[in-house]
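The next block holds one structure in the form of structure tokens; read it before the comments.
The values are calculated or read from the model by the stated rules, or taken from the named source; none is laboratory data. What you are looking at is a predicted structure, and each value in this text was computed from that prediction instead of being measured. Note that each Cβ is placed from the backbone with ideal geometry, even for glycine, and that neighbours are counted across all protein chains shown.
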Amino acid sequence: MELSKNYQHASLDDKWYKHWMDKQYFRSVPDERQPYTIVIPPPNVTGILHMGHTLNETIQDILIRRARMTGFNACWVPGSDHASIATEAKVVDMLKREKGIEKSQLTREEFLKHAYEWKDKYGGIIYSQIAKLGCSCDWDRVTFTMDDHYYKAVIKVFVDLYNKGLIYRGARMINWDPVAKTALSDEEVEYREVTGKLFHLQYNIEGSDEKITIATGRPETIMGDSAICVNPNDERYQHLKGKYAVVPLINRRIPIIFDEYVDKEFGTGALKVTPAHDLNDYNLGLKHHLEVIDTLHEDGTLNANAQIYVGEDRFAARKKIVAELKEKGILVKEEEYATKTAQSQRTNAVVEPRISTQWFVKMADLAKPALDAVVNGDVKIHPGDRFLATYRYWMENVKDWCISRQLWWGQQIPAWYDANGKFVVAATLAEAEQLYIETHGPLGDTKLTQDEDCLDTWFSSWLWPMEVFNGISQPGNAEAKYYYPTSVLVTGQDIIFFWVARMIMAGMEYEQEIPFQDVYFTGMVRDSQGRKMSKQLGNSPDLLEMIGHYGADAVRFGVMITAPAGNDLLFDMATVEQGQKFTNKIWNALKLVKMWNTTPSTSEAPTHFAVKWFESRLAQVQQEVIDLFKDFKLSEALKTIYSLIWDDFCNWYLEWIKPGYEQPIDANVHSKTIEFFEQLMQLLHPFMPHATEEVYHLLRERAAGDDLIVKQFATPGAINAAVLAEAELAKEVITGLRDLRNKSQYKPKDVIEVFIETQQQGAYADIQEILAKQVNATSISFTNDVVEKSIACVIGKDKFYVKSEIEIDPAAQKESLLKDLAYLQGFLVSVDKKLSNEKFVANAKPEVVEVERKKREDAEVKIKAIEESLKLL
RNA sequence: GGGAGUUUAGCUCAGCUGGUUCAGAGCAUCUGCCUUACAAGCAGAGGGUCGAUGGUUCGAAUCCGUCAACUCCCA
């Protein structure tokens, strides 16, 4: 069969993916093998795969493929989450744009119908992209966080936690997103440095001509003021004890209170207290029993409590109020100051602190076992303990979790209210009614209505490792028992609290067991200039386009080769090109091996040294890779395999065994070479599955079912250290002689004769032939004397003389030798210094001292050899 | 303000528990080669006082202290 000039990924990616699917290799069913389970961190349904996902999915596929080839029953569960805020925003936007419908015109049911339609249309895109990457997930197990069983599981957990007293309803100062009209968790708020303005406003003191000047960044909230607070140690305000101030514009009377919370140095040292619109003020209000006056609507416009500018947006109102205050002489000073604004991660709106009734999960009790699980090392975090401190800090200072969202897209909170606000929590209306009767008496005409709000998406995804196996909806079922706890979770370090910590909590609560043994944190993917990849910057490459152009394997190679665990990686298209070149290199090695004709091996034919060497070298790397996987050092493993294939196999091994032009190759050597090639493909397969599978099938005829994806790894063979050392010597001498040829300006075709002066002739016995071939020498012989009319050099401990027809340039020769000499003499001085240090000889380990002595001897031998050569010139 | 991380060749990064597999790899650069597998290639080479500064030690990129710059998390 004629093989194409270069590796053609285009048809092969799909061909092999289809083959694996047809053979059901991704399918996992419980059996007697040990399971190796990964649940995908569900990307949300709104999305397309970006580079962060690509890295993530590639890592998972590498782990799962390696496990599948190592005797495990590998199960990778794909899925996606409903992402309530993001998705609802997109659906609302789509309805407005495409159909001219406002959400407010729709009932909940109508809206959800649109949302599901939208999800069906776009939800699948991400799966096809994951498949394009070559990911071997079990597509029969696709799970969505709004699936029927999943929905029920979430509700079940809510009811259960409520009954355990771990969920409560409470008034709290929350982060309010006035655009999305929903509460945000602290984690969904981003703080940005901005230059704000501090306005100095004068409030009249009641019953006097005196004024007190306060400084505020938010003059539009003065109508919500319920006190002015000063530091009790502040001399300036001592006399105002018991007095009242008057809020400008609306002339409301408020007390002057004293609290050490106030910083005397900041602003004027007097703080207006607005409990409804600032978290710190709210706490101050609680302490001093102040009135809470909420002056804003949920969309951020002023409400009737504000008395003035009612209905105006908070920022428009600010401008007008400032103007009015200025006009009336109340605003006495404006100054700039550095502050931070809180903005919604989803809508970018400036977050409004707001008093609101929300549902909360009590975290303290749940956090304890989850903290212990990590501290004890039951859950191991990679890399190292780097995130342990962060995790511990968060868990020890964990705050209650606000889980209600003022949205429809999500699991509706199973709380049922009567007209008076009395409520019960139950999974269904029927159960709710039953419960209501039991707790509050007969229903009579009362109709129970369900809470309008839905639950935070994370309140569903924290059950992910359990409920993808129906572990919550059908506790103790066979699959859940078999697959849970899962093996490893691969995810971004940015969601350690959102998700990882909470999954551990849920696991400990419902299974009394950790959800995964290992957590592998990936870093953030940035562009080659270190910028975060984002749509705005347009620096995120299109994945499908990239796969189309370079091939899935090249893309996988590109993201993996520079991806140390937990560190950000600077993504550069050059690495994808490197990956493509790599597949091409393998392809060409295949072509070479396939074009050889063989000659029957004679029984007396000694095993080729190259074969002996590569056997050991391969075993050595196989062991290294095992160790690297143990530590989740995947990028290191890939680098190691890359170098083994390209450098050791292609550049050394194949050159060593390569027969002359149109010459046959020894059958034995050839079949060993095919075997090596297979093992190399096997090692590489988890990283670059398509190309390796293709090459594996081209190396020889395969029986049905003999596919690389399921070929089990054998235990690495024995490593012969002596052979490895000999090969290193060969490489060193070859490189040294080639360098000498280069420096002497020999052309590749110019032949040379080589004479070796050595104490260890035996070491060259096996490699002599290889040496001759690799440096284009007609002969390699040994000598005890100086060889006339030759160029000399020292490589390792031995001296080499190179003779050829070409005239030699003694000046250049001399220069080169002198350079070597100078270096060696300097080296000798440093070694001597060490050895003449009595403390070193006394304290250092004997083997270390021995090594230094050896260094000295070698250096002396070399110096002597160079000096001799110099004399000849 | 509190905490974590990073700083090694022009760039991106390895270097575990201190000592010839400690100064490494890959890109990039330079030189020579279109050598019948591969120019998407081959063969060579150059390049770093391991962020700064003290200390521990016979010996420090590696351990400890201080400082600087950058990044992230939390308030």
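Only one of the listed residues (A:Y393, A:Y309, A:Y337) is surrounded by 16 or more Cβ atoms within 10 Å (Cβ to Cβ) and of a type outside the set (A, V, I, L, M, F, W, C). That residue is A:Y309.
Can you list the strands (runs of 3 or more DSSP E) lying wholly within region A:143-236 that have 1 or more residues being touching a strand residue (DSSP E or B) at 6+ places or on another chain (Cβ under 9 Å) and of a type in the set (S, T, N, Q)? Show your work before the answer.
Numbers: elements: A:167-177, A:182-184, A:189-205, A:211-216, A:227-230.
Here the list reads A:167-177, A:182-184, A:189-205, A:211-216.
Number of residues in region A:555-600 that are over 19 Å from the mean Cα position of the chain (by Cα), of a type in the set (G, A, S) and either more than 6 Å from RNA strand B (Cβ to nearest atom) or crowded, with 20+ Cβ neighbours inside 10 Å (or both): the value is 2.
Selection of first residues in region A:744-763 that are among the acidic types (D, E) and of second residues that are surrounded by fewer than 17 Cβ atoms within 10 Å (Cβ to Cβ), restricted to Cβ pairs under 7 Å at least 6 apart or on distinct chains, gives the following pairs, ordered by first then second residue: A:D750/A:I806; A:E753/A:T778; A:E753/A:S779; A:E757/A:T783; A:E757/A:N784. Here A:A323 passes the criteria (1) under 37 Å from the mean Cα position of the chain (by Cα); (2) modelled with pLDDT of 80 or more except the one numbered (1).
Tell me yes or no: at least one residue of region A:427-434 is out of contact with any strand residue (DSSP E or B) (no Cβ under 7 Å at 6 or more places or on another chain), part of a loop (DSSP other than H, G, I, E, B) and within 29 Å of A:E511 (Cα to Cα). There is at least one residue in region A:427-434 that is out of contact with any strand residue (DSSP E or B) (no Cβ under 7 Å at 6 or more places or on another chain), part of a loop (DSSP other than H, G, I, E, B) and within 29 Å of A:E511 (Cα to Cα).
Take the conditions (1) more than 15 Å from RNA strand B (Cβ to nearest atom); (2) under 30 Å from A:F521 (Cβ atoms); (3) free of Cβ contacts under 8 Å to residues at least 40 places away in the same chain; (4) among the small types (G, A, S); A:A373 misses just one of them, which is (3). Within region A:592-647, restricting attention to residues that are of a type in the set (G, A, S) and over 23 Å from A:A714 (Cα atoms), which residue is modelled with the highest pLDDT? This residue is A:S601. When every residue of region A:532-550 is checked against the conditions, none turns out to be surrounded by fewer than 16 Cβ atoms within 10 Å (Cβ to Cβ), within 14 Å of RNA strand B (Cβ to nearest atom), on the phi > 0 side of the Ramachandran plot and at pLDDT below 90. Screening region A:737-770 for residues that are under 24 Å from A:S616 (Cα atoms) and of a type in the set (G, A, S) and picking the one that is nearest to RNA strand B (Cβ to nearest atom) gives A:A763. Only a single item in (1) modelled with pLDDT of 85 or more; (2) of a type in the set (A, V, I, L, M, F, W, C); (3) assigned to a loop (DSSP other than H, G, I, E, B) is not met by A:V398, and it is number (1).
Taking (1) away from RNA strand B (no atom under 16 Å from the Cβ); (2) polar (S, T, N, Q); (3) buried (at least 21 other Cβ atoms within 10 Å of the Cβ) in turn, A:S104 satisfies each apart from (3).
For first residues located in region A:84-110 and within 19 Å of A:L184 (Cβ to Cβ), partners that are among the basic types (K, R) and part of a loop (DSSP other than H, G, I, E, B) and lie 6+ apart or on another chain with Cβ distances below 7 Å form the pairs A:I85/A:R346; A:A86/A:R346; A:A89/A:R346. Where residues in region A:616-642 are over 25 Å from A:A722 (Cα atoms) and among the aromatic types (F, W, Y), which of them is nearest to the chain's Cα centre (by Cα)? Selected residue: A:F632.
Can you spot a residue in region A:717-736 that is touching an Asp or Glu at 6+ places or on another chain (Cβ under 7 Å), within 21 Å of A:R556 (Cα to Cα) and either touching a residue at least 24 places away in the same chain (Cβ under 8 Å) or of a type in the set (A, V, I, L, M) (or both)? So that I can check it myself, show each step before the final result.
Restricting attention to region A:717-736, the residues satisfying the condition of being touching an Asp or Glu at 6+ places or on another chain (Cβ under 7 Å) are A:717, A:726.
Applying the additional criterion that residues be within 21 Å of A:R556 (Cα to Cα) yields none.
Scanning region A:717-736 turns up no residue that is touching an Asp or Glu at 6+ places or on another chain (Cβ under 7 Å), within 21 Å of A:R556 (Cα to Cα) and either touching a residue at least 24 places away in the same chain (Cβ under 8 Å) or of a type in the set (A, V, I, L, M) (or both).
Meeting the requirement of 1 or more residues that are among the aromatic types (F, W, Y) and more than 25 Å from A:T607 (Cα to Cα), the helices (runs of 4 or more DSSP H) wholly within region A:622-709 are A:634-643.
Taken residue by residue, region A:836-843 has at least one member that is more than 26 Å from A:K731 (Cα to Cα) and either at pLDDT below 75 or aliphatic (A, V, I, L, M) (or both). Regarding region A:821-844, can at least one residue be identified that is buried (at least 17 other Cβ atoms within 10 Å of the Cβ), more than 10 Å from RNA strand B (Cβ to nearest atom) and in contact (Cβ under 8 Å) with a residue 24 or more places away in the chain? For region A:821-844, residues buried (at least 17 other Cβ atoms within 10 Å of the Cβ), more than 10 Å from RNA strand B (Cβ to nearest atom) and in contact (Cβ under 8 Å) with a residue 24 or more places away in the chain: present.
Residue by residue, here is whether (1) among the charged types (D, E, K, R); (2) under 37 Å from the mean Cα position of the chain (by Cα); (3) within 19 Å of A:T357 (Cα to Cα) holds:
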{"site": "A:R392", "(1), (2), (3)": "yes, yes, no"}
{"site": "A:V398", "(1), (2), (3)": "no, yes, no"}
{"site": "A:W401", "(1), (2), (3)": "no, yes, yes"}
{"site": "A:K422", "(1), (2), (3)": "yes, no, yes"}
{"site": "A:G441", "(1), (2), (3)": "no, no, no"}
{"site": "A:K447", "(1), (2), (3)": "yes, no, no"}
{"site": "A:D451", "(1), (2), (3)": "yes, no, yes"}
{"site": "A:V468", "(1), (2), (3)": "no, yes, no"}
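Of everything in region A:703-713 that is loosely packed, with under 11 Cβ neighbours inside 10 Å and touching a residue at least 24 places away in the same chain (Cβ under 8 Å), the residue that is farthest from A:K773 (Cα to Cα) is A:G705. Listed conditions (1) within 16 Å of RNA strand B (Cβ to nearest atom); (2) surrounded by 13 or more Cβ atoms within 10 Å (Cβ to Cβ) are all met by A:A722, apart from (2).
So how many residues does region A:237-262 have that are part of a strand (DSSP E or B) and either touching an Asp or Glu at 6+ places or on another chain (Cβ under 9 Å) or modelled with pLDDT under 85 (or both)? Walk me through how you get there before you give the answer.
Within region A:237-262, the subset part of a strand (DSSP E or B) is A:244-247, A:252-258.
Then keep just the ones that are either touching an Asp or Glu at 6+ places or on another chain (Cβ under 9 Å) or modelled with pLDDT under 85 (or both); that gives A:244-247, A:252-254, A:258.
Summing the residues that are part of a strand (DSSP E or B) and either touching an Asp or Glu at 6+ places or on another chain (Cβ under 9 Å) or modelled with pLDDT under 85 (or both) in region A:237-262 gives 8.
Name the residues in region A:227-261 that are polar (S, T, N, Q) and surrounded by fewer than 17 Cβ atoms within 10 Å (Cβ to Cβ), would you? I'd like the intermediate steps shown before the answer.
First pass over region A:227-261, keeping only residues polar (S, T, N, Q): A:231, A:233, A:238, A:251.
The answer is A:N233, A:Q238, A:N251.
The residue that is farthest from RNA strand B (Cβ to nearest atom), counting only those in region A:461-481 that are more than 13 Å from A:E511 (Cα to Cα) and surrounded by fewer than 23 Cβ atoms within 10 Å (Cβ to Cβ), is A:A478. Restricting attention to region A:71-94, does a residue exist that is touching a Pro at 6+ places or on another chain (Cβ under 7 Å), of a type outside the set (G, A, S), surrounded by 15 or more Cβ atoms within 10 Å (Cβ to Cβ) and assigned to a helix (DSSP H, G or I)? No, because not a single residue in region A:71-94 is touching a Pro at 6+ places or on another chain (Cβ under 7 Å), of a type outside the set (G, A, S), surrounded by 15 or more Cβ atoms within 10 Å (Cβ to Cβ) and assigned to a helix (DSSP H, G or I).
Residue count for region A:143-193 satisfying the condition of being among the acidic types (D, E), surrounded by fewer than 20 Cβ atoms within 10 Å (Cβ to Cβ) and modelled with pLDDT of 80 or more: 3. Considering only residues that are more than 20 Å from A:P686 (Cβ to Cβ), near RNA strand B (Cβ under 9 Å from one of its atoms) and in contact (Cβ under 8 Å) with a residue 60 or more places away in the chain, look in region A:643-658 and name the one that is nearest to the chain's Cα centre (by Cα). Ranking the qualifying residues of region A:643-658, first place goes to A:C650.
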